[in-house]
Amino acid sequence: MTIELAMDKYQATKCEVAFGELYAHIYEGSRKLVRTFSRKYAVDESDVESMINEKILTIADKFDSSRGKFKNAVFSAVKYGCIDLARKRTTEAKYRTGVMYEDDDGVLNEVYEIIAVASTTDEEDIIAELKKRDQRQLITFLLSNANDPTLTSASAFIETDSYRKAAKQIGSTDKTVKSRIRKLSKRYDVNLHGSYYDYFTAPTVYVG
């Protein structure tokens, strides 16, 4: 059953079988769909999966096929839902403060309270901030087992954005710095970290 036929049947009958077909079409060929959205927008996988299932049902009930494709409508809704979740979490993390209190047994506990809410609704700004955070986490991972010479080269490179300038800063050669950076890149696992394009916040330029 095609997704169009499944849609027509579901809207006419609210049949569970037809809904199951819609569900299957959304996940078809996208076994990593939940993980992809989760990593791209840095939100919990369970939240993403719940959102996808919710959007399938919500959109299916009122979808008009003359206005586009059902799968695109679902993915678009999930995208903006993930952005909203990420925005709320980022805002909460930025504007919360720890508060200590003592319970009846005299044990100190820490809770958090929101002290301000000043979120942005600009999608590009949100994604840029999330990518910067992901970049920091990725760099920390890549450097976690690096030796001292590699750490020195990487720090100089991050600061100067140039193999030659980094080499000059640490009294080495650009070939040595480049070699050490290249060895770090071998720790990058696309299955673990996703596409490296997801970490770019601006068009890439030649590094020399």
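Find the residue count for the stretch 13-40, including only residues that are within 18 Å of residue 190 (Cβ to Cβ) and part of a helix (DSSP H, G or I).
Here the count works out to 8.
Return the residues of the stretch 133-176 that are within 27 Å of residue 43 (Cα to Cα), of a type outside the set (A, V, I, L, M, F, W, C) and open to solvent by less than 40 Å² (accessible area, probe 1.4 Å); say none if nothing qualifies.
If the condition is that a residue be within 27 Å of residue 43 (Cα to Cα), of a type outside the set (A, V, I, L, M, F, W, C) and open to solvent by less than 40 Å² (accessible area, probe 1.4 Å), then 134 is the only one that fits.
Give the stretch 59-76 a look and list any residue that's within 13 Å of residue 26 (Cβ to Cβ) and open to solvent by less than 80 Å² (accessible area, probe 1.4 Å), or say none.
We begin by selecting, within the stretch 59-76, every residue within 13 Å of residue 26 (Cβ to Cβ); these are 59-60, 63, 69-76.
Of everything in the stretch 59-76, those that are within 13 Å of residue 26 (Cβ to Cβ) and open to solvent by less than 80 Å² (accessible area, probe 1.4 Å) turn out to be 59, 60, 63, 70, 71, 73, 74, 75, 76.
What residue, of 9, 14, 40, is modelled with pLDDT under 85 and either touching a helix residue (DSSP H, G or I) at 6+ places or on another chain (Cβ under 6 Å) or open to solvent by 90 Å² or more (accessible area, probe 1.4 Å) (or both)?
Numbers: 9 fails: modelled with pLDDT under 85; 14 fails: modelled with pLDDT under 85.
Testing whether each residue is modelled with pLDDT under 85 and either touching a helix residue (DSSP H, G or I) at 6+ places or on another chain (Cβ under 6 Å) or open to solvent by 90 Å² or more (accessible area, probe 1.4 Å) (or both) leaves just 40.
The values are calculated or read from the model by the stated rules, or taken from the named source; none is laboratory data. This structure is a prediction, so every number in the text was calculated from the model and none was measured. Every residue, glycine as well, gets a Cβ built from its backbone with ideal geometry; the counts of neighbours run over all protein chains shown. To get the accessible areas, we keep the full protein, side chains included, count just its heavy atoms, and leave off ligands, DNA and RNA. Shrake-Rupley method; radii C 1.70, N 1.55, O 1.52, S 1.80 Å.
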